[in-house]
1. Scan the range 1-40 for residues that are closer than 17 Å to residue 57 by Cα and part of a loop (DSSP other than H, G, I, E, B) and report the count.
2. Output the residues belonging to the range 304-342 that are surrounded by 14 or more Cβ atoms within 10 Å (Cβ to Cβ), more than 21 Å from the chain's Cα centre (by Cα) and assigned to a helix (DSSP H, G or I).
3. Yes or no: the range 257-265 includes at least one residue that is outside any helix (DSSP H, G or I) and not assigned by TED's automatic domain parsing to the domain that holds residue 139.
4. Would you pick out the residues in the range 278-295 that are surrounded by 14 or more Cβ atoms within 10 Å (Cβ to Cβ) and either under 22 Å from residue 314 (Cβ atoms) or out of contact with any helix residue (DSSP H, G or I) (no Cβ under 9 Å at 6 or more places or on another chain) (or both)?
5. Name the residue, out of 154, 150, 193, that is touching a strand residue (DSSP E or B) at 6+ places or on another chain (Cβ under 8 Å), outside the structural domain of residue 293 (by TED's automatic domain parsing) and under 30 Å from residue 270 (Cα atoms).
6. From 60, 111, which residue is in a helix (DSSP H, G or I), closer than 30 Å to residue 348 by Cα, at pLDDT 95 or above and touching a strand residue (DSSP E or B) at 6+ places or on another chain (Cβ under 8 Å)?
7. Checking the conditions here, which among 365, 345 is surrounded by 15 or more Cβ atoms within 10 Å (Cβ to Cβ), outside any loop (DSSP other than H, G, I, E, B) and touching a strand residue (DSSP E or B) at 6+ places or on another chain (Cβ under 9 Å)?
8. Checking the condition part of a loop (DSSP other than H, G, I, E, B), within 19 Å of the chain's Cα centre (by Cα) and at pLDDT below 95, which residue from 52, 43 passes?
């Protein structure tokens with residue numbers, strides 16, 4: 001069975017994560033995704049370089065299941081090629097400021113004049129309206145403005161998340177919006193502009209806290225790893241490592257207190273519900289830490305599992321790669337690429353469908369690897385392609 005997006009062509013002008021990961025997800029489900037690079041390689045290509053030509057780890061993840069093309073659309077011949085590509089496409093993905101898109105002919109009105117039913121999917125830092133609409137920004141900016149950094153750190157020190165969850169969330173929402181637009185077009189015959197923004201994604205994650213703040217002005221501050229909605233909810237040092245545990249609700253609290261030998265806490269008014277336990281979380285964390293310190297991580301996790309309490313080891317990246325569950329389930333697929341010392345563990349489609357699953361079926365493209373193939377599909381002959389290469393259009 002083919003992919004659910006077989007026959008859909010996507011032109012991916014994205015950079016970094018919010019655009020390229022959206023394109024990768026569409027490619028996982030069968031879309032023909034063409035990554036458009038600058039002639040010398042776009043600015044996101046070399047992040048965490050893995051090969052002699054500086055192809056980076058981020059590029060390898062973001063661009064599986066894509067064909068690769070280099071193009072300079074600022075030259076007339078390059079714009080002609082771009083327009084011909086647009087005429088064959090169903091979706092254009094571009095996470096860049098509107099002014100840059102207009103300059104490259106990637107604004108919705110221009111694209112629609114070439115392909116009336118085109119779907120344009122964009123991701124910006126702050127959205128297309130409002131006083132910040134022309135500002136540029138990255139994941140960390142949205143983390144900061146949503147309150148996430150304030151609450152993830154300590155009372156006197158904000159702390160960002162190392163992994164760019166805002167970028168990935170924006171890309172995933174953009175892919176969802178694109179799929180919805182494709183479904184709508186099947187019914188109406190009309191394309192549309194799908195817009196995502198980093199700040200909207202971060203505020204979505206923050207929404208319940210923002211509602212609380214608006215209604216009751218809690219004015220929470222960061223408490224590091226210790227959670228603020230229940231307890232125990234923290235990271236704890238064992239005799240040989242570190243684990244996390246989170247208990248929510250009365251049944252888990254009862255099992256936890258029994259495991260600790262603190263049955264008297266079950267009738268202690270300080271710990272009567274999740275809010276009260278969170279308020280006195282330092283006391284609970286201190287008790288939990290004393291229990292963990294006398295055990296190895298393996299021993300602690302075994303006892304917590306026996307009590308049916310959610311817990312896990314705090315892994316390094318290497319430990320995550322070596323974990324038996326991660327390996328056996330096959331979350332990551334080994335994908336080879338020219339110049340790598342061994343296949344790279346690239347995350348497979350992170351959502352599973354029983355009947356129409358996605359998957360990695362093509363390695364990421366080398367720079368301009370499919371120039372000739374794609375241009376031939378547009379009707380250009382070998383001489384024309386050689387001319388484009390000579391004048392540095394491709």
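1. Result for the range 1-40: 6.
2. Of everything in the range 304-342, just one residue is surrounded by 14 or more Cβ atoms within 10 Å (Cβ to Cβ), more than 21 Å from the chain's Cα centre (by Cα) and assigned to a helix (DSSP H, G or I), namely 304.
3. Yes, there is a match, as at least one residue in the range 257-265 is outside any helix (DSSP H, G or I) and not assigned by TED's automatic domain parsing to the domain that holds residue 139.
4. 278, 281, 284, 285, 287, 288, 289, 291, 292, 295
5. 154
6. Numbers: 111 fails: closer than 30 Å to residue 348 by Cα.
Just a single option satisfies the conditions, and that option is 60.
7. Details: 365 fails: outside any loop (DSSP other than H, G, I, E, B).
Within the list 365, 345, the selection yields 345.
8. Every option except 43 fails the conditions.
The values are calculated or read from the model by the stated rules, or taken from the named source; none is laboratory data. Note that this is a predicted model, so its numbers are computed, not measured. Please note: Cβ atoms are built from the backbone with ideal geometry, for glycine as well, and neighbour counts cover all protein chains shown.
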